[in-house]
Amino acid sequence: MIFKQLEVLSDEEVTRIIDAAFDILEKTGCRFESGWTRKQLNEKGCLLNDAKSVVRVPRKNMEKFLDEAARLDPAKSRAALHLPGAMRTTIIDPGENKPRPSILEDVKDVIKVSNALDCVEVVSAGVLPTDVPESAADTVNASLLMQYSAKPFAQQPYSRNSARAILSMAEVFYGDRENIRERGETGYLLATSGPLRYTRTSLELARMYATLGLPVVIGSRGRMGAEAPATVAGALVMLTAEFMAGLAYMMVVESPTRLAFSDGMRAVDASGRMRWNGPEQVARVLGSKKIAAKLGFPAAPFSAESDSPDFDFSSGWERSLTKVFDWSAGGDPFGPVGNMPHAFSIPQMLLDNEGMRMIRKLEDCATVDDEHLARDVIERVGVGGNFLAEKHTVDHMRDLWEPEIFIADPYDEWMKNGAKGVGEVAAAKALDMLKNEKLDLMIDEKKANEIQAIADTYVAKSSKA
């Protein structure tokens with residue numbers, strides 16, 4: 001079966017957005033809070049207003065940067081497309097269904113469950129543990145992912161010191177710097193902080209990763225209506241301009257890094273509240289994918305979230321809508337899972353995985369060959385017959401998608417079994433997995449000890465700071 005790829009913007013509309021972004025960079029510019037960066041860009045022909053730390057990039061210079069930039073290979077650097085990884089410090093306890101501060105054991109639980117979920121292909125630690133020094137939480141997560149994740153994993157460093165520790169552990173994990181570069185899995189998300197503004201820390205961290213030849217994903221954390229225009233088209237102009245500005249920086253770094261286009265924007269509503277989903281969010285994400293494709297870059301997905309605080313219809317609908325549209329537009333919906341607006345949730349991980357199981361089945365459920373055309377079977381059964389007793393039916397009934405979490409019982413049977421909602425079923429399944437799944441080392445013990453030693457040393461230093 002061939003699915004026609006969904007497009008939310010016409011080619012003409014994409015061109016207008018990209019042209020507007022070129023104009024913004026040339027006339028307004030971007031603030032780079034790094035003197036070294038401004039100097040390098042100025043030497044490359046960009047226009048400098050040092051008093052405001054702003055650099056304006058002429059279109060001809062930006063077009064040259066775009067032409068020369070190396071593109072990230074999604075097949076090789078898939079985990080980098082799912083950065084930043086864990087960001088929340090609160091988790092919903094599946095036994096109590098109440099939020100609480102996340103701890104180190106929760107990180108291990110998330111990794112353990114992620115290893116067992118068939119459609120989670122990039123593992124996130126889910127949460128930042130609060131029972132370690134705050135400045136070391138990202139490093140601790142990275143150490144546990146390297147030791148215990150059975151799949152590619154994503155964890156963003158949040159400081160220069162933690163980046164050094166994480167990269168040191170990566171050298172142990174991959175063997176040496178050349179292997180880190182060759183594998184291309186570890187990466188960094190270079191994101192703006194405020195409209196058209198890159199901080200010195202984010203620039204330095206991106207440079208650290210680029211120097212090792214590791215991929216850098218460039219995007220925005222702005223909010224429509226706050227750090228970006230409230231309209232979808234205006235937000236896409238801002239997003240594209242900020243991507244271009246970040247790419248210009250990466251080109252003056254002059255390191256053999258590969259780049260991707262990320263859309264990490266959200267929105268604020270009329271009351272000033274953060275919005276994680278909605279039609280505008282879906283349209284912008286789909287639009288950013290087409291803009292990325294037009295510029296020749298892979299798009300990093302930020303989708304399948306919900307504003308609902310519960311495991312209810314609105315949560316399922318919002319997540320499904322964005323995930324299916326993301327997939328149908330050529331995105332990658334098989335990444336980290338479990339995020340809710342106020343906390344991380346292991347039962348939500350299972351529900352997200354269930355939805356992805358259905359999408360995966362959709363990809364290959366309409367095979368057209370002699371066996372699946374079933375012409376001989378249809379002729380044999382004939383007019384008015386029945387296919388139930390046919391071997392062909394017995395063989396292929398087993399191919400039908402079966403829910404593991406979603407409820408498909410007849411109403412009377414569902415009532416007899418307690419009329420449990422899907423959230424209750426997911427919570428029960430999560431508790432069962434937490435009890436029965438094992439967390440095993442995925443690397444040899446010597447490497448694991450070296451990685452743990454680096455993390456322990458960094459935690460100890462952070463505790464004294």
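None of the figures in this text is laboratory data; all of them are computed from the coordinates on show. Please read these numbers as outputs of a predicted model, since none were measured by experiment. Note that we place each Cβ from the backbone using ideal geometry, even for glycine, and neighbour counts take in every protein chain shown.
Over 27 Å between Cα atoms: which of K27/K64; K52/K464; K76/K294 fall into that group?
On the way: K27/K64 18 Å; K52/K464 37 Å; K76/K294 21 Å.
Flagged as over cut-off: K52/K464.
Provide the net charge surrounding K361, with neighbours chosen by a C-beta distance below 10 Å and charges set as Lys +1, Arg +1, Asp -1, Glu -1.
Details: positive: R357, R360; negative: E363, D364, D399, E402.
Residues close to K361 contribute a combined charge of -2.
For every other residue with a beta carbon closer than 10 angstrom to the beta carbon of L25, add +1 if it is Lys or Arg and -1 if Asp or Glu, then tell me the sum.
For residues surrounding L25, the net value is 0.
When a/c reaches 1.5 or more, the comparison of a/b and b/c decides; with that in mind, is the stretch 83-209 rounded, prolate or oblate per its Cα gyration tensor? Walk me through the intermediate numbers first.
Numbers: a/c = 1.86, a/b = 1.27, b/c = 1.47.
Oblate, since a/c reaches 1.5 and b/c is not below a/b.
At most 12 other C-beta atoms within 10 Å and a DSSP loop state: those are the exposed chymotrypsin sites (Phe, Trp or Tyr not before Pro) I care about. Give me the longest piece of the chain that has none. Intermediate results must be reported in sequence, preceding the final value.
On the way: sites that count: F3, W401.
Result for the longest clean stretch: 4-400.
Tally Lys/Arg at +1 and Asp/Glu at -1 over every other residue whose Cβ is under 11 Å from the Cβ of S463; what's the total? Let's see the in-between values first.
On the way: positive: K461, K464; negative: E134, D456.
So the surrounding residues net to 0.
For the stretch 22-124, which GluC sites (Glu not before Pro) are both in a DSSP coil and crowded by at most 13 other Cβ atoms within 10 Å?
Working: sites: E26, E33, E43, E63, E68, E96, E105, E121; in loops: E33, E96, E121.
For GluC sites (Glu not before Pro) across the stretch 22-124 that sit outside H, G, I, E and B with at most 13 neighbouring Cβ atoms in 10 Å, the list reads E96.
So what is the calculated 222 nm ellipticity per residue for the chain, using -39500 (n - 2.57) for each DSSP H run with n of 4 or more, over all residues, to the nearest 500 deg cm²/dmol? Working shown, then result.
Values: 18 runs with 228 residues, N = 465.
Value at 222 nm, helices only: -15500 deg cm²/dmol.
Lysines near K98 by alpha-carbon distance under 24 Å, same-chain residues fewer than 8 away left out - which ones?
Excluding near neighbours in sequence, the set is K108, K112, K420, K429, K435.
Please return the longest range in the chain lying between exposed loop sites, taking trypsin sites (Lys or Arg not before Pro), DSSP loop only, at most 11 other beta-carbon atoms within 10 Å, and leaving the sites out.
Values: sites that count: K4, R273, R398, K438.
Maximal segment without exposed cleavage sites: 5-272.
Run through all the Cα pairs of the chain and give the fraction in each 20 Å bin from 0, expressed as whole percent.
23, 53, 21, 3, 0
Only bridges with both residues in the chain count here: give the DSSP antiparallel percent, nearest 5.
Working: 12 of 32 bridges.
About 40 percent, rounded to the nearest 5.
What does the C-alpha gyration tensor say about the overall shape of the stretch 40-131? Classify as rounded when a/c is under 1.5, otherwise prolate if a/b is larger than b/c, or oblate. Could the numbers behind the result be given before it?
Values: a/c = 4.90, a/b = 2.13, b/c = 2.30.
Oblate shape, in that a/c is at least 1.5 and b/c is the bigger or equal ratio.
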